[in-house]
Amino acid sequence: MSQEPAEAKIFGCTQSKYLADKIAKAYGVSLGNVITSTYSDGEFQPSYEESIRGTRIFIIGSTNPGPENLMEMLLMIDAAKRASARHITAVLPYFGWARQDRKDKPRVPIAAKLVAKMLEAAGATRIITMDLHADQIQGFFEKPVDHLFASTIFLPYLQELNLEKLTIASPDMGGSKRAYAYSKALESDVVICYKQRAKANVISHMELIGDVTGKNVVLVDDMVDTAGTLTKAADVMMERGAISVRAICTHPILSGNAYERIEKSQLAELIVTDSIPLKQNSSKIKVLSCANLFAAVMYNVHHNQSISSKFIM
C-alpha cells in the first residue's frame, strides 16, 4: 500500500519571513520555529527549535545582495543537513547574483554558478526559484531545479486591466524572448528597446524597434534595480506617441534613487511581486503576491505530483 508522506515543514530566512509566513498559510501549515543568534561582530547562527529529523523541509529566502541573505540560506541548509532532514529544498523567490552568469570580460567570476555550487555543497537537494535572470542558470545545478514564471501571476492582472491596443515591450534585447511569450499569450504586438550602456546601471543611448503610436504599452522584465532603464524607456515611448506605459517586473530590487525615479517618471504603474520586500511604499507600485504560486508548487513537489499546470508559459 502507498503511504502518504509525512507533512513537510516550512522555515523562513530573516529577510523573507513575511513571505514565508504567507506561503505557509497558503500551504496550510504553521511556519517553523527558527531562532537566529547574532554576535556583536555581526556573525549570526540560525537554530531550528523543533525536530526536523527524517522530514522534508522547505527553506524560504531570497538571496539578493548584501551577502547576509545568501549566507543565512547556506547556514540554514547546513544546519538542516546536520539535523538529519531527509529532503532540503531551498526556495529562492529571487536568486541573487544571477546577473553574473557568464564571463563578459576577462578576469571576472561567474557568480551565479558559484552560488549554485555553494547551495549544493551546503546540502540542498532541490531548488525552487522564479524568473531567473537567465534560463541557463538551471544548468549550473546538479540537483533538480523548479523554475517558476511570474507570468502565472501577472497575466491574469493584465487581462483584468482590459487595455485597448495593448503592446508588450522589452526594455532590452536580452528580454525579447520573455516579451514575445507575453505577447503570444495576450495576442498583442511587440516592441523592443535597444540600449547602450556607458557602464553598469548607466544608459548612454536608447532606441525603439517597433511602433508605439496610440498604444498602451506594458514593459516586461525579470527585475528592476535602479529603474533607470524602465523610466528612460517610458519617457521614450511617451515621446513616440504611446497612450500609457506600464511595467511588470518580477523582482523589485529598487536600489539607489529607484523610488524617486519611478515617482517622477511617466510610468503609469509598476507591477511587481513580493519576492523581495519593498523598502518603502509608492503610489505607483502595485505588489502582487507570489505566495499562492510557491505554496501550490511546494505541495505538489512534496506529494510527488506534477507542477506543469502552474506554468502559463
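The values are calculated or read from the model by the stated rules, or taken from the named source; none is laboratory data. Since we're looking at a predicted model, the values are computed, not measured. Cβ placement follows ideal geometry from the backbone for every residue including glycine, while neighbour counts extend to all protein chains displayed. The protein model used for the area step is the full one, side chains on, heavy atoms only, and it has no ligands, DNA or RNA in it. Shrake-Rupley method; radii C 1.70, N 1.55, O 1.52, S 1.80 Å.
Quick check on my filter: what residues within segment 254-272 are open to solvent by less than 20 Å² (accessible area, probe 1.4 Å) and assigned to a loop (DSSP other than H, G, I, E, B)?
Passing the criteria: Leu254, Ser265, Leu267.
Pick from Pro144, Pro106: which is out of contact with any helix residue (DSSP H, G or I) (no Cβ under 8 Å at 6 or more places or on another chain) and either within 30 Å of Pro5 (Cβ to Cβ) or surrounded by 13 or more Cβ atoms within 10 Å (Cβ to Cβ) (or both)?
When all the criteria are applied, what remains is Pro144.
Could you please tell me which pairs satisfy a Cβ distance under 6 Å, a separation of 6+ or placement on different chains, a first residue in segment 245-257 that is over 14 Å from Asn281 (Cα atoms), and a second residue that is hydroxyl-bearing (Ser, Thr, Tyr) and assigned to a loop (DSSP other than H, G, I, E, B)?
So the pair list comes out as His251/Tyr94; His251/Ser275; Gly256/Thr226.
Considering each of Ser282, Ser275, Ser309 in turn, give the residue that is out of contact with any Asp or Glu (no Cβ under 7 Å at 6 or more places or on another chain) and either part of a loop (DSSP other than H, G, I, E, B) or under 18 Å from His251 (Cα atoms) (or both). I'd like the intermediate steps shown before the answer.
On the way: Ser282 fails: out of contact with any Asp or Glu (no Cβ under 7 Å at 6 or more places or on another chain); Ser309 fails: either part of a loop (DSSP other than H, G, I, E, B) or under 18 Å from His251 (Cα atoms) (or both).
Exactly one residue qualifies, and that residue is Ser275.
I'd like to check something: does segment 117-129 contain any residue that is part of a helix (DSSP H, G or I), more than 30 Å from Ala6 (Cα to Cα) and modelled with pLDDT of 95 or more?
Of all residues in segment 117-129, those part of a helix (DSSP H, G or I) come to 117-122.
Those left that are additionally more than 30 Å from Ala6 (Cα to Cα): none.
Checking segment 117-129: not a single residue is part of a helix (DSSP H, G or I), more than 30 Å from Ala6 (Cα to Cα) and modelled with pLDDT of 95 or more.
Working only within segment 70-84, note down all residues that are open to solvent by 30 Å² or more (accessible area, probe 1.4 Å) and closer than 22 Å to Leu254 by Cα. Before the answer, list the steps.
Here is the first cut: in segment 70-84, the ones open to solvent by 30 Å² or more (accessible area, probe 1.4 Å) are 71, 75, 78, 81-84.
Matches in segment 70-84: Met71 only.
Of the residues in segment 286-313, how many are open to solvent by 10 Å² or more (accessible area, probe 1.4 Å), within 16 Å of the chain's Cα centre (by Cα) and at pLDDT 95 or above?
Number of matching residues: 6.
Since Gly123 meets every condition but one in (1) touching a Lys or Arg at 6+ places or on another chain (Cβ under 7 Å); (2) on the phi > 0 side of the Ramachandran plot; (3) open to solvent by 50 Å² or more (accessible area, probe 1.4 Å), which condition does it not meet?
Among (1) touching a Lys or Arg at 6+ places or on another chain (Cβ under 7 Å); (2) on the phi > 0 side of the Ramachandran plot; (3) open to solvent by 50 Å² or more (accessible area, probe 1.4 Å), Gly123 violates only (3).
Which of the residues spanning segment 31-44 are loosely packed, with under 15 Cβ neighbours inside 10 Å and either more than 16 Å from Ala122 (Cβ to Cβ) or among the acidic types (Asp, Glu) (or both)?
So in segment 31-44, the residues loosely packed, with under 15 Cβ neighbours inside 10 Å come out as 33, 35-44.
Answer for segment 31-44, where residues must be loosely packed, with under 15 Cβ neighbours inside 10 Å and either more than 16 Å from Ala122 (Cβ to Cβ) or among the acidic types (Asp, Glu) (or both): Asn33, Ile35, Thr36, Ser37, Thr38, Tyr39, Ser40, Asp41, Gly42, Glu43.
Of the residues Gly28, Gly12, which is open to solvent by 60 Å² or more (accessible area, probe 1.4 Å) and within 25 Å of the chain's Cα centre (by Cα)? I'd like the intermediate steps shown before the answer.
Details: Gly12 fails: open to solvent by 60 Å² or more (accessible area, probe 1.4 Å).
That would be Gly28, the only listed residue that is open to solvent by 60 Å² or more (accessible area, probe 1.4 Å) and within 25 Å of the chain's Cα centre (by Cα).
Can you name the number of the only condition in (1) open to solvent by less than 70 Å² (accessible area, probe 1.4 Å); (2) without any contact (Cβ under 8 Å) to a residue 40 or more places away in the chain that Val217 fails?
Status for Val217: all satisfied but (2).
Give segment 120-153 a look and list any residue that's in contact with a Phe, Trp or Tyr (Cβ under 8 Å, 6 or more places away or on another chain) and in contact (Cβ under 8 Å) with a residue 40 or more places away in the chain, or say none. Talk me through it step by step, then tell me what you get.
Just the residues of segment 120-153 that are in contact with a Phe, Trp or Tyr (Cβ under 8 Å, 6 or more places away or on another chain), to begin with: 120, 127-133, 137, 148-149, 151-152.
Correct list: Ile128, Met130, Asp131, Leu132, His133, Ile137, Leu148, Phe149, Ser151, Thr152.
Could you pull out the residue among Ser47, Ser62 that is open to solvent by less than 50 Å² (accessible area, probe 1.4 Å), within 20 Å of Gly123 (Cα to Cα), in contact (Cβ under 8 Å) with a residue 60 or more places away in the chain and not aromatic (Phe, Trp, Tyr)?
Working: Ser47 fails: in contact (Cβ under 8 Å) with a residue 60 or more places away in the chain.
Every option except Ser62 fails the conditions.
Which residue is modelled with the lowest pLDDT, if the candidates are limited to segment 187-241 and must be touching a strand residue (DSSP E or B) at 6+ places or on another chain (Cβ under 9 Å) and among the small types (Gly, Ala, Ser)?
Ranking the qualifying residues of segment 187-241, first place goes to Ala198.
Quick check on segment 221-243: of everything there that is in contact (Cβ under 8 Å) with a residue 60 or more places away in the chain and part of a strand (DSSP E or B), which residue is farthest from Ser183 (Cα to Cα)?
Looking at the filtered set, the residue picked out is Met223.
Specify the residue that is most open to solvent (accessible area, probe 1.4 Å); the eligible residues are those in segment 166-181 that are modelled with pLDDT under 95 and under 18 Å from Val212 (Cα atoms). Break it down stepwise before answering.
Kept after step one, since they are modelled with pLDDT under 95, are these residues of segment 166-181: 170-181.
Add one more test, that the residue is under 18 Å from Val212 (Cα atoms), and what stays is 170-173, 175-176, 179-180.
On the way: Ser170: 0, Pro171: 0, Asp172: 34, Met173: 104, Gly175: 3, Ser176: 34, Ala179: 0, Tyr180: 126 Å².
This residue is Tyr180.
I need the full set of residues from segment 140-193 which are of a type in the set (D, E, K, R) and either part of a helix (DSSP H, G or I) or at positive phi (or both), in order please. Talk me through it step by step, then tell me what you get.
Quick first cut of segment 140-193, residues of a type in the set (D, E, K, R) only: 142-143, 146, 160, 164-165, 172, 177-178, 184, 187, 189.
Those that are of a type in the set (D, E, K, R) and either part of a helix (DSSP H, G or I) or at positive phi (or both): Glu160, Lys165, Lys177, Arg178, Lys184, Glu187.
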